[in-house]
Structures are given as C-alpha cells and as structure tokens.
C-alpha cells in the first residue's frame, strides 16, 4: 500500500496558519463594522437628564434597527443627535408622536387634552416649560416628528427647549444596559397612558 504524505516544513505551516488567522480577523472586523454602523452601537450616558432611570456613566447598547424597521412608541428611550450640535448625542424618552398635541400646565404634561401618566417618573415630579414650550402653551407635533423629554425634567435639554425632532436625528432605541452590572439587562419601554 502506497501512502503519500504532504511534506510541509514548519515554516510553511506557520505561514499558512498566520494567513488563516489574518483572514479570520479581517472577516470578524468586517462583521463588527457592519454591526456597529447598522445594527447596534454602544453609548455612555453623560449627565443627569434621565435620572432616576439612567445615570451618568451608565453604559448601554443602542438598537439601530428598531428605528429603521419598527414604529416608534411613546415611552421608548432613544439616543438622538443633538439638533443644535451634530457632535453630541442625547438620551431622551419619546413623549409625543406625530399629530399629537402636547401641553404643559402647572407642572403636568397633557397629551391630547388628557394628563399623561408616566409610571417611570416620581409621582411628585413637575415638568417646567422651556423656551419652545412654556407653561400654559400647547403644540402639535408635526408629521414625521417626535416630542422628546428627559426623565429629569428640571435638568434636561429636550423638545421643550428645541422643539420636536425628525426621525433622521434618532440613532436608535436604548436596548440593553451593561453597566452598572447590578442593572444589567434589557431596557423596557416605559409605558405611559393618558
């Protein structure tokens, strides 16, 4: 019986393994780039605009597909580009959908003439007006736009200040918190009602 053996020197085996490793790393890098730019992206919360639900230095994963493929919902926590500075991103909560009427009155938020119930906020929280939407005023959210607010209403730059935002400014939905470790998990959509 004749047997043939492929005689490879140590050097050629090493070269072959290195080439395979480089190919594997290149493929994995390409996959990660696609995921990072089109599917999910990590973000670090900076500031206190979403206290008590998100804190400075919380780390989250943003689901970009949720915005591209799904309907946006009231109560969703989103990551968006600051409409006044494209170099900054904000974390906010969707309060008003296209065509809805938002009013602030005596520290309460009204949606289509009914008080908005926000169980993710402290019951005694007051929502002050800002330059775009002041106390006692009402605005209609234009088609294709969304009214967003931070959960820490006294310390949030949001639609009360800069007005409704377009869907193009929304990067994605805050989907998963991975730091701090004691709050590891999927971020629920904050159900609100009026």
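The values are calculated or read from the model by the stated rules, or taken from the named source; none is laboratory data. Bear in mind the structure is a predicted one, so any value in this text is a computation, not a measurement. So basically every Cβ, Gly included, is an ideal-geometry build from the backbone, and we count neighbours across all protein chains shown.
Taken together, 123, 127 contain a single residue that is more than 19 Å from residue 47 (Cα to Cα) and either in contact (Cβ under 8 Å) with a residue 24 or more places away in the chain or exposed (fewer than 14 other Cβ atoms within 10 Å of the Cβ) (or both), which is 123. When the range 138-194 is filtered for residues that are surrounded by 13 or more Cβ atoms within 10 Å (Cβ to Cβ), more than 18 Å from the chain's Cα centre (by Cα), part of a loop (DSSP other than H, G, I, E, B) and at pLDDT 95 or above, the ones remaining, listed by number, are 141, 142, 163. How many residues does the range 66-115 contain that are part of a loop (DSSP other than H, G, I, E, B) and either more than 16 Å from the chain's Cα centre (by Cα) or at negative phi (or both)? Residues that pass the stated criteria total 21.
Yes or no, residue by residue, for (1) surrounded by 14 or more Cβ atoms within 10 Å (Cβ to Cβ); (2) farther than 15 Å from residue 44 by Cα; (3) free of Cβ contacts under 8 Å to residues at least 60 places away in the same chain:
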{"position": "64", "(1), (2), (3)": "yes, yes, no"}
{"position": "76", "(1), (2), (3)": "yes, yes, no"}
{"position": "86", "(1), (2), (3)": "no, yes, yes"}
{"position": "95", "(1), (2), (3)": "yes, yes, no"}
{"position": "99", "(1), (2), (3)": "no, yes, yes"}
{"position": "106", "(1), (2), (3)": "no, yes, yes"}
{"position": "115", "(1), (2), (3)": "no, yes, no"}
